[in-house]
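Reading through the structure tokens given below for one structure.
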Amino acid sequence: MTEDVTMTEPTSEVLLDGPGTWISAATVADSKTYSTSEVADFFGKSNQWVYWGMRNAVFIYPPDAPLVCGDTVVPQSSSNPRGSVVAVSSDKAAVKWGNEEPEWEDASSLRKLIEPHRIGKGRRRFTLPIIREIALSCLRRGNLKEDQLKEILRRIELSSRGLPW
């Protein structure tokens with residue numbers, strides 16, 4: 001005796017991910033990655049501008065963003081050196097600066113960097129959520145005006161739907 005199984009048709013909000021499995025369009029959009037030059041296009045800037053922002057710790061999360069192990073951080077007072085968080089307590093973070101032994105620091109004195117995913121030898125790949133955080137960081141820092149932010153967020157929204165802008 002066989003049982004009839006009826007699969008419903010997908011709406012515009014779901015995509016097929018293998019036989020009988022559905023995932024949301026938002027998940028697919030969030031997993032698409034963009035190159036440095038594509039990110040620069042979102043901002044109407046050159047890829048050198050993106051490299052400058054990453055090199056000089058311009059793209060940072062808000063001060064209340066939680067630190068987790070593996071985060072790359074810089075001290076509030078300077079953009080260098082960069083450290084890696086190796087342990088976190090309620091208000092302290094153990095940070096390893098270069099090859100030195102980890103030191104416990106006041107977590108409020110550290111800034112969490114927004115960084116892209118790395119593929120291979122230094123290739124950077126950005127997701128739409130990372131691009132959005134970079135835009136918000138630039139607004140907080142004064143590198144973008146509010147109308148510029150709105151345009152970038154519009155481009156991000158269109159890209160998340162797979163539409164050209």
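The values are calculated or read from the model by the stated rules, or taken from the named source; none is laboratory data. Values in this document were obtained by computation on a predicted structure and should not be read as measured data. Here Cβ is always computed from backbone atoms with ideal geometry, including for glycine, and neighbour counts include all displayed protein chains. Remember, those area values only see protein heavy atoms, side chains included, never the ligands or the DNA or RNA. Shrake-Rupley method; radii C 1.70, N 1.55, O 1.52, S 1.80 Å.
See the values below:
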item	result
Total residues in region 28-39, condition open to solvent by less than 40 Å² (accessible area, probe 1.4 Å) and part of a helix (DSSP H, G or I)	3
Inter-residue pairs, beta-carbon under 7 Å, first on the phi > 0 side of the Ramachandran plot and in region 42-56, second open to solvent by 70 Å² or more (accessible area, probe 1.4 Å) and modelled with pLDDT of 95 or more, 6+ apart	none
Residue check for Ser78: in contact with a helix residue (DSSP H, G or I) (Cβ under 9 Å, 6 or more places away or on another chain), without any contact (Cβ under 8 Å) to a residue 12 or more places away in the chain and of a type in the set (S, T, N, Q)	no
Total residues in region 40-74, condition open to solvent by 50 Å² or more (accessible area, probe 1.4 Å) and part of a loop (DSSP other than H, G, I, E, B)	11
The one condition in (1) open to solvent by 40 Å² or more (accessible area, probe 1.4 Å); (2) closer than 25 Å to Ser159 by Cα; (3) at pLDDT 90 or above; (4) touching a strand residue (DSSP E or B) at 6+ places or on another chain (Cβ under 8 Å) that Arg118 fails to fulfil	(3)
Residues of region 88-100 that turn out to be in contact (Cβ under 8 Å) with a residue 12 or more places away in the chain and open to solvent by 80 Å² or more (accessible area, probe 1.4 Å), as a count	2
Test for Arg82: is it surrounded by 14 or more Cβ atoms within 10 Å (Cβ to Cβ), among the basic types (Lys, Arg) and within 15 Å of the chain's Cα centre (by Cα)	no
Verdict on Leu149 being without any contact (Cβ under 8 Å) to a residue 24 or more places away in the chain, assigned to a helix (DSSP H, G or I), farther than 15 Å from Tyr61 by Cβ and hydrophobic (A, V, I, L, M, F, W, C)	yes
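For (1) open to solvent by less than 40 Å² (accessible area, probe 1.4 Å); (2) aliphatic (A, V, I, L, M); (3) modelled with pLDDT under 95; (4) in contact with a Gly (Cβ under 6 Å, 6 or more places away or on another chain), each residue gets a yes or a no:
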residue	(1), (2), (3), (4)
Pro102	no, no, yes, no
Ser137	yes, no, no, no
Arg141	no, no, yes, no
Asp147	no, no, no, no
Arg154	no, no, no, no
Arg161	no, no, yes, no
